[in-house]
Amino acid sequence: MKLLVTGGAGFVGRHVTAAARARGHEVAVLSRHPERARDVADEVTLVQGDLTAPGDLGERLAALAPDAVVHAAAVVVDHDPKLHQVNVEGTAALCKLLGGLPTPPRLVHVSTFAVEDPPPTEYSRSKLAAEEVVRASGLRQVVLRPTLVYGRGDGTNTPDLVARMAHGTHWLPGGGRVLIQPVHVDDVAQAAVAAAERGELHDRTYRLGGPEPVSVRAWREAVRDASGGAARIRGLPLGVLQLAAGALALLGKPRARDVLSFHVVDHVVDSADARRDLGFAPRALEAGLAETFGGGVDGADAAGSPPARGADAPPDL
């Protein structure tokens, strides 16, 4: 199979590229910085391009003639001025380019569980709009909605949490009792490649979560211990947060309400259909964190991206 990976120099894209090469596929990487994907696999075709300014990209895609495309290119940080331009307009441009090819390829769109999970954010709204674009494109498409993605090479969620778990006191609303399902990036990548391979699958949406729910507190403790941190984790009564959220909202600062809304419901997904159709088999959290930090804390940021608040990260104080 000829597979094109957009955002192939990014966190998820790099792992998709590696997984596809390991399965013997011919891979092309589309990125504004494709040289960053060279260390993933030497035998990839590097295509420099920007979906927000496609230029002659259609001609180059026609020459590639991919059988399938995994669309992993995205801005993942709230308040980025290019959030809508990249996530929505860039996705629309890609769909138009692919639809204009002599043989339009299958499209696997990497979205996020955040589109249906409270609280809504600028990022989740942009990804939901992108999903709507994909479904209206007329292409044979599959949408993947992973939960909180972690793993080696992450430049957002993982290093941000590691920094907070390094020292000091870490307060968790309600004691961090709500449930989440972090998923390892390699498991997401394997599912994306499987979806690209399965030509009979189309107009499907799959949720990808870890093997079992864990509490927010257990997740924080696991990351702290795996990364050698020493932070103290303590609970903050929800009543205190409710009072603070109300006061801050009157001052035009609604973030505390978002934090509160996250910590009053569980964030659990059913991945049974992905297991059935895609062979999705997420690894245990202990194994995933061992892989993530096997080379030390710096291994979590192997892609060289600056740490920032990840859009899929659970809100925190």
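Things to note:
- Qualifying residue in segment 175-186 (condition: touching a residue at least 60 places away in the same chain (Cβ under 8 Å) and under 21 Å from residue 87 (Cα atoms)): yes
Yes/no matrix, rows are residues, columns are (1) outside any helix (DSSP H, G or I); (2) closer than 19 Å to residue 228 by Cα:
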position	(1), (2)
152	yes, yes
155	yes, yes
158	no, yes
162	no, yes
172	yes, no
188	no, no
191	no, no
196	no, no
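- Considering segment 261-282, and only residues there that are among the small types (Gly, Ala, Ser), in a helix (DSSP H, G or I) and modelled with pLDDT of 95 or more, the residue that is surrounded by the most Cβ atoms within 10 Å (Cβ to Cβ) turns out to be 274.
- Test result for residue 115, under 25 Å from residue 1 (Cα atoms), touching a strand residue (DSSP E or B) at 6+ places or on another chain (Cβ under 7 Å) and either at pLDDT 95 or above or not in a strand (DSSP E or B) (or both): no
- Considering residues of segment 225-244 that are in a helix (DSSP H, G or I) and at pLDDT 95 or above only, the residue surrounded by the most Cβ atoms within 10 Å (Cβ to Cβ): 226
- Where a residue in segment 212-239 is touching a residue at least 40 places away in the same chain (Cβ under 8 Å) and more than 13 Å from residue 171 (Cα to Cα) and its partner, wherever it lies, is assigned to a loop (DSSP other than H, G, I, E, B) and of a type in the set (D, E, K, R), with Cβ under 9 Å and at least six apart: 213/266
- Filter result for residue 299 (assigned to a helix (DSSP H, G or I), of a type outside the set (A, V, I, L, M) and at pLDDT below 75): yes
- One residue stands out among those in segment 156-176 that are closer than 28 Å to residue 239 by Cβ, over 18 Å from the mean Cα position of the chain (by Cα) and aliphatic (A, V, I, L, M): the one that is modelled with the highest pLDDT, which is 165.
- Entirely in segment 1-80, the strands (runs of 3 or more DSSP E) that have 1 or more residues that are within 19 Å of the chain's Cα centre (by Cα) and within 28 Å of residue 128 (Cα to Cα): 2-6, 26-31, 68-71
- Number of the exception - residue 62 against (1) of a type in the set (A, V, I, L, M); (2) touching a residue at least 12 places away in the same chain (Cβ under 8 Å); (3) within 22 Å of residue 201 (Cβ to Cβ); (4) surrounded by fewer than 21 Cβ atoms within 10 Å (Cβ to Cβ): (3)
- Residues in segment 245-260 that are surrounded by 18 or more Cβ atoms within 10 Å (Cβ to Cβ) and farther than 21 Å from residue 148 by Cβ: 245 only.
- Test: residue in segment 142-150 that is more than 24 Å from residue 90 (Cα to Cα) and either touching a residue at least 12 places away in the same chain (Cβ under 8 Å) or of a type in the set (Asp, Glu) (or both): yes
- Residue that is nearest to residue 198 (Cα to Cα) [pool: residues in segment 131-147 that are within 14 Å of the chain's Cα centre (by Cα) and surrounded by 24 or more Cβ atoms within 10 Å (Cβ to Cβ)]: 144
- Leading residue by the ranking (surrounded by the fewest Cβ atoms within 10 Å (Cβ to Cβ)) among those in segment 83-128 that are in contact (Cβ under 8 Å) with a residue 60 or more places away in the chain, of a type in the set (A, V, I, L, M) and over 30 Å from residue 256 (Cβ atoms): 94
The values are calculated or read from the model by the stated rules, or taken from the named source; none is laboratory data. Predicted model only: the values in this text are computed from it and were never measured. Every residue, glycine as well, gets a Cβ built from its backbone with ideal geometry; the counts of neighbours run over all protein chains shown.
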